[in-house]
Each structure stands twice: as structure tokens, then as C-alpha cells.
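The values are calculated or read from the model by the stated rules, or taken from the named source; none is laboratory data. These figures come from a predicted structure and were not determined experimentally. Heads up, the Cβs are rebuilt from the backbone with ideal geometry, glycines too, and the neighbour counts pull from every protein chain shown.
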Amino acid sequence: MSAYETLKTQLKSTPRTWLITGVAGFIGSNLLETLLNLNQRVVGLDNTSKAGNSRLITDNSKLPTPGAAGYGHQKNIDEALNPKPRTSNPEPRTPNPEPRTPNLEPRTPNPQIIMGNFKELKTWQRAKDLAVFIYKVTNDGIFSKDFGLRDQIRRAAVSIPSNLAEGDELGTNKQAVNFFYTAKGSTAEVQTQAIIAKEIGYIEEEVYKQINGECEAISRMLTRLIEARKK
């Protein structure tokens, strides 16, 4: 039997090699050794498939390298066949040991905003003290004999706390603000009359500075009080 006939007999023994048989007819006997090797590989692959291991790749040199085509697909297959166990977090979260405590201290109302209690107003307290001081200053010396200027500065000084009290007791902020503006005007009136009294020699420089300083402080307090009552 010739080599060609021998090859045909071996190839026909495997059902999957019918294509190789046709090709061998055209190529001839010069590639006998190559076709025999190819047949052996096909037979070996067929046997491996029957054993259930035909999809496993054992030759590491044939695996795709990173960056080559098909590498990502092969990597996904390997991860599916050999999944990595998930590790739990070794440091569990601990609850906050210091819970927030509600503020149990009641808010104290601002006496400058609450109406109906004018004696609690710091502005009124300071204006009342200024009026008492003006009466004491104008009750002695030459100033006490100048009835016109004496009575004028006394009335202006008394007007400041009086308008504060009246406005705070009216019941509405709108009415209160109008009286507070009148008290602010009376403060400027006391300052003006104190300047005149100083320049004509009725009061000393130190007394004037004290009166003027109190008037400026009361005026600033009235400004803040008016702004608070307008809101």
C-alpha cells in the first residue's frame, strides 16, 4: 500500500477529517508528514473534548499578553473560573458614643424688643439718670438763676425717658418708634443747651464732657432700639 493510500485510510477513521482528505488529494504526497501531524492534533483535541477539558488552555505561551487583542476576554474567563473571595472590612463602624443633647436652656427674651415694660429698657434707665444729673447741675450757682435756660435743659432732659416710657406702653411698634424718635431729638436738644451753658460759664468743662458723653451714648442706644422695633 502506498503512503498516499495509508494517509487516506487514517484520515477516514476520524469523522471530522473529511475536509483534510479532500485537501490531501490536491496537495499530494509531498506534505504527508505535515498532514499526519495535523491529524494527530485534531484527534488529540477530540479526545480532550470527550473528557470535558477541551476549553482549558494549558500552554501559557499561547495566552494573550496584556495589551494584545483578546486579553480582556481571557481575563474575564479566568476571573469567572477562579473568583476571589471577598474580604470583610476589618474595621467596622462604631456608633457615635456622644449623642447630641437638646438645649434645655430657654431663650431669654431681649428686653429691648419686648414692649410693655419700659423700666427694663437700658436706654430708659440711662436717660433717667441723665435727667437726674441735669437737675442737680442746674440747681446750684449761676445756672439755677437763669430760669429760661435752666427750665429748657431740664424739660429736654426729662423728655428723653418720658417719651421712651410712653412709646413703649402704647402697644404697637409703629407708635413706639415715633416716640423714640422724639426722645432722640430731645437728646440732641440737651447736648445743644449743655454747649451753651459751658460757653457762658454756667458749667465746668468736666461737667459738660459728662453730659455730652451720656447724650451720645443714649442717642446710639435709641438708634439700635428703633431699628429693632422696626423689624
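Which count do you get for residues in the stretch 156-185 that are surrounded by fewer than 23 Cβ atoms within 10 Å (Cβ to Cβ) and either hydroxyl-bearing (S, T, Y) or within 19 Å of N139 (Cβ to Cβ) (or both)?
Adding up the residues that qualify gives 7.
Got a sec? Which of T182, T187 is modelled with pLDDT of 95 or more, of a type in the set (S, T, N, Q), out of contact with any strand residue (DSSP E or B) (no Cβ under 7 Å at 6 or more places or on another chain) and under 18 Å from D151 (Cα atoms)?
T187
Can you tell me how many residues in the stretch 134-155 are loosely packed, with under 15 Cβ neighbours inside 10 Å, outside any loop (DSSP other than H, G, I, E, B) and free of Cβ contacts under 8 Å to residues at least 24 places away in the same chain?
Of the residues in the stretch 134-155, 7 are loosely packed, with under 15 Cβ neighbours inside 10 Å, outside any loop (DSSP other than H, G, I, E, B) and free of Cβ contacts under 8 Å to residues at least 24 places away in the same chain.
So, in the stretch 186-206, exactly how many residues are surrounded by fewer than 18 Cβ atoms within 10 Å (Cβ to Cβ) and hydrophobic (A, V, I, L, M, F, W, C)?
Of the residues in the stretch 186-206, 4 are surrounded by fewer than 18 Cβ atoms within 10 Å (Cβ to Cβ) and hydrophobic (A, V, I, L, M, F, W, C).
Tell me which of these I114 doesn't satisfy, since it passes every other one: (1) of a type in the set (A, V, I, L, M); (2) touching a Leu at 6+ places or on another chain (Cβ under 7 Å); (3) at pLDDT below 65.
(2)
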